[in-house]
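Take a look at the structure below.
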Amino acid sequence: MSAAARLELKPSAALATIILLAHGGAAAATYVVLPGWRGALLATLFAALGVAAAWSRALLRTVSSVRAIELGGAQPVFELASGDSFAAEVSERRYVTRYLVALPYRRSATARRPLSRTLLVTADMLGAQEFRRLRIWALWNRLPVVAAKQLTV
């Protein structure tokens with residue numbers, strides 16, 4: 001039997017930097033390939049998209065940003081910065097590394113606003129033990145169980 005866990009996500013400056021660098025590189029490459037005002041406009045749009053993605057996904061500043069994950073039930077529950085929460089089905093195909101967990105999820109079709117997207121959680125968004133628990137859950141679809149005797153030591 002697995003215990004329940006609530007994982008509170010923190011903003012990730014590292015992920016925001018990576019997103020901004022990737023979009024900045026795309027903007028620069030676009031301008032090199034397409035010089036002139038059209039290239040400048042497209043490069044500006046790529047840079048703006050990077051700022052919006054970093055603001056929403058890494059810095060967790062929009063009302064639709066996932067701020068917490070509750071594991072242990074039939075389906076994980078995602079809590080948004082707006083305070084709304086919803087249960088969602090997480091895909092069996094998950095990406096788990098030492099530094100990153102990618103969770104593709106889909107809200108049910110009966111939800112008020114069905115949604116399909118991927119949540120990226122980096123190691124600096126959680127404490128070390130919480131990130132370890134998330135990685136185990138993502139791999140095995142259950143949380144590790146600790147004996148009561150180990151908790152009192």
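The values are calculated or read from the model by the stated rules, or taken from the named source; none is laboratory data. Just so it is clear, the model here is predicted, and its values are computed rather than measured. Reconstructed Cβ throughout: ideal geometry from the backbone, glycine too, with neighbour counts over all protein chains shown.
Assorted remarks:
- Across the range 4-13, a minimum of one residue is classified as on the phi < 0 side of the Ramachandran plot, touching a residue at least 40 places away in the same chain (Cβ under 8 Å) and in a helix (DSSP H, G or I).
- The residue that is modelled with the lowest pLDDT, counting only those in the range 115-153 that are within 29 Å of residue 54 (Cα to Cα) and aromatic (Phe, Trp, Tyr), is 137.
- Hits in the range 60-88 (condition: touching a Pro at 6+ places or on another chain (Cβ under 9 Å) and surrounded by fewer than 18 Cβ atoms within 10 Å (Cβ to Cβ)): 61, 70, 87
- Scanning the range 92-110 for residues that are outside any strand (DSSP E or B) and either within 20 Å of residue 136 (Cα to Cα) or hydroxyl-bearing (Ser, Thr, Tyr) (or both) yields 92, 93, 94, 97, 98, 99, 108, 110.
- The set of residues in the range 52-76 being over 11 Å from residue 119 (Cβ atoms) and among the polar types (S, T, N, Q) consists of 56, 62, 64, 75.
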